[in-house]
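> Following this message is one structure expressed as structure tokens.
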Amino acid sequence: MNYLEKKLLPAVTLEEADSALSVAEALLESGLDVMEITFRTDATAEAIQAIVREFPEITIGAGTILHPDQIAIAMDAGAQFGLAPGFNERVVDEARKRDFPFIPGVMTSSEIEKALEKNLTFLKLFPADKLGGPDYIRSLQGPYGHTGVTFMPMGGIGLSNLSMYLELPVVQALGGSWMTPLKLIKNGEYGKIKELVSQSLAIVRSSISET
């Protein structure tokens, strides 16, 4: 997954599609060319369409996909991959039927094993912080490390704990809204978003150089 080579996925929730381009521009100017737009508002599909049209260099995912019919909506809007907070087999099967790259969410060993049964080895771990953070992920490495499973922790991730997650070999990337808080988007504070993204990328670079 080359689009996650920088190990960060900003999760963006937009109340109005008009702000989508400003957020996308802020990310690009900070050096990040990937983002997730969550299906939490009516503006999602329109926002994805606008970014795909104006910033084709950005790889864009559709997040919070809870129903199978949202797969088609995401694809029609131009999303290149999808994510979900949980493991819904109907959604997973629909994504596979449509050949749509999909990252389901898991919390438990049972859900991880359901994913492995479907040959899914890159999984969103949510809500990572509430589950126990890096310590919880370490506990999963023992029984599942040999399967090739890797995780993208989301939920409770921020500047203060990025490096702790990046130390773990089964963590492929990290996602969340800490780089693009809804409050900053609503206030048009895109300079602060650029600052958060730049700080996050610096932590990633530092963590990689230390390994």
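The values are calculated or read from the model by the stated rules, or taken from the named source; none is laboratory data. Bear in mind that the values here come from a model prediction, so they are computed numbers and not experimental data. Cβ: placed from backbone, ideal geometry, glycine included. Neighbour counts: every protein chain shown. Surface accessibility is based on the protein's heavy atoms, side chains included, excluding ligands, DNA and RNA. Shrake-Rupley method; radii C 1.70, N 1.55, O 1.52, S 1.80 Å.
> Please work out if D129 is closer than 17 Å to A11 by Cα and out of contact with any His (no Cβ under 7 Å at 6 or more places or on another chain).
Answer is yes for this residue.
> Now a separate question. Quick check: is even one residue across the range 172-183 open to solvent by 10 Å² or more (accessible area, probe 1.4 Å) and in contact with a helix residue (DSSP H, G or I) (Cβ under 6 Å, 6 or more places away or on another chain)?
No, because not a single residue in the range 172-183 is open to solvent by 10 Å² or more (accessible area, probe 1.4 Å) and in contact with a helix residue (DSSP H, G or I) (Cβ under 6 Å, 6 or more places away or on another chain).
> To continue, here is another question. Could you tell me how many of the residues in the range 109-131 are surrounded by fewer than 18 Cβ atoms within 10 Å (Cβ to Cβ) and either in contact with a Leu (Cβ under 9 Å, 6 or more places away or on another chain) or closer than 18 Å to Q172 by Cα (or both)?
Of the residues in that region, 7 qualify.
> State all residues of the range 149-160 that are in contact with a strand residue (DSSP E or B) (Cβ under 9 Å, 6 or more places away or on another chain) and not hydrophobic (A, V, I, L, M, F, W, C); if no residue qualifies, say none.
Within the range 149-160, T150, P153, G155, G156, G158 meet the criteria.
> If you don't mind, another one. Identify the single condition in (1) of a type in the set (S, T, N, Q); (2) closer than 19 Å to L182 by Cβ; (3) open to solvent by 70 Å² or more (accessible area, probe 1.4 Å) that Q80 does not satisfy, given that it satisfies every other one.
With (1) of a type in the set (S, T, N, Q); (2) closer than 19 Å to L182 by Cβ; (3) open to solvent by 70 Å² or more (accessible area, probe 1.4 Å) applied to Q80, the lone miss is (2).
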